[in-house]
Structure formats: C-alpha cells, structure tokens
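Reviewing the structure listed below.
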Amino acid sequence: MPRPAPVLRIATPDDAAAVGRVHHTSWVETYTGLASPEFWERASAERSGTWWREMIARGYPATVAEVDGEIVGLALAGESRESGGHPPVRDRELSNLYVLAAHHGSGAGQALLDAVLRPGTPAQLWVARGNPRAERFYRRNGFEPDGATDDGATFGGIAAFRMVR
C-alpha cells in the first residue's frame, strides 16, 4: 500500500512539543554511537520541545512535514553562521533537516529540503561524520564537501564536515 504524501506547513507554537519529539527522536536514530555520553545526559525530547517553542515564538520559520496529521519531519534554513572556526562561504545555511527513520524514503526529506532551500539555491550545511545516508542525500541535491571540518567540540563530540552548492 503506498504511503500518503507528506503535507508541508510552517510550524506554529502549538507544534513545539511534537517538533521537539521528532527532533530528539531523529537525533537518537542518527547520532547514537556518534555523540558523547555527556551529550545524551543533556538531550531530551522535553528540552528540545522547549528550544523549539522559543525558536518558533521568535519567528524562526521551521517547516514541518505531516503524514496523517502527525509531524514526521522538520527543516529550517536561514542565514549562514560560523562553525568550528570556519566563516560561512554561502549566505544561506540548512541548519536542520530531520525525518523520523520510519519515514525515510517517503519523500518527506526531499520535500522539506526543497521547501526551505529552492533547488539550486547556493547554500551550505554541516553533516555528521559517520552519516553516509545524509551525505548521499545531499550529494544527490548538488552539495559537495568543501574541506571544512568541525571536531564536534560544540555539539556533543559529533564531528562534522561542511557541504556546499
């Protein structure tokens, strides 16, 4: 039976708890084995929900993907920032793109990326080392590593590398 297509929309303050759960669950699914134990001591769905509540209230335009009324993914792009001592090389940066593992292959990730960064838009993003699935996805979308790396000191020991298009 085919999966229903994801519906995209901008997150509202009422979505914060659900967005926090998706964000945290995606972290667990993606970063288990990559992040330090100290990272996991601080990370929780509740803490993530609080962070998203603050970000949404401040006007951050997070886009969510829903399937059957349930939020299954989120994306956020904005002004590029310095990371790991590396100044930005593009004006736009994809800072968050997470889809629950049960919805990988549903088209939600592609729809979210295209919604927050129109295809071909010059942009940058950071990918965790040890996440080949994400690297393949971004390569299919025109991103390539540019040689910049981050040792993960500011993100739970998760080393990353920058990709640009």
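Of the residues Val7, Val99, Val22, only one is of a type in the set (A, V, I, L, M, F, W, C), at pLDDT 95 or above and more than 15 Å from the chain's Cα centre (by Cα); which?
Values: Val99 fails: more than 15 Å from the chain's Cα centre (by Cα); Val22 fails: more than 15 Å from the chain's Cα centre (by Cα).
Just one listed residue meets the conditions, Val7.
Cβ-Cβ under 6 Å, sequence separation 6+ or interchain: first residue in region 113-140 and more than 22 Å from Phe155 (Cα to Cα) and at pLDDT 95 or above, partner part of a loop (DSSP other than H, G, I, E, B) and of a type in the set (Gly, Ala, Ser). Which pairs?
Leu117/Ala123
Quick one: which of Arg139, Arg133 is basic (Lys, Arg), in a helix (DSSP H, G or I) and within 19 Å of His24 (Cα to Cα)? Working first, answer last.
Working: Arg139 fails: within 19 Å of His24 (Cα to Cα).
Matching residue, one of Arg139, Arg133: Arg133.
In region 143-164, what residues are part of a loop (DSSP other than H, G, I, E, B), over 17 Å from the mean Cα position of the chain (by Cα) and modelled with pLDDT of 90 or more?
Asp151
Which one of these does Gly20 not meet: (1) in a helix (DSSP H, G or I); (2) in contact (Cβ under 8 Å) with a residue 60 or more places away in the chain?
It fails just one condition, (2).
Is there a residue being more than 17 Å from Ala128 (Cβ to Cβ), among the hydrophobic types (A, V, I, L, M, F, W, C), out of contact with any His (no Cβ under 8 Å at 6 or more places or on another chain) and surrounded by 20 or more Cβ atoms within 10 Å (Cβ to Cβ) anywhere in region 72-81?
Yes.
The values are calculated or read from the model by the stated rules, or taken from the named source; none is laboratory data. Owing to the predicted nature of the structure, the values given are computational and were not obtained by experimental measurement. When we count neighbours, we look across all protein chains shown, and the Cβ atoms used for this are built from the backbone with ideal geometry, even at glycine.
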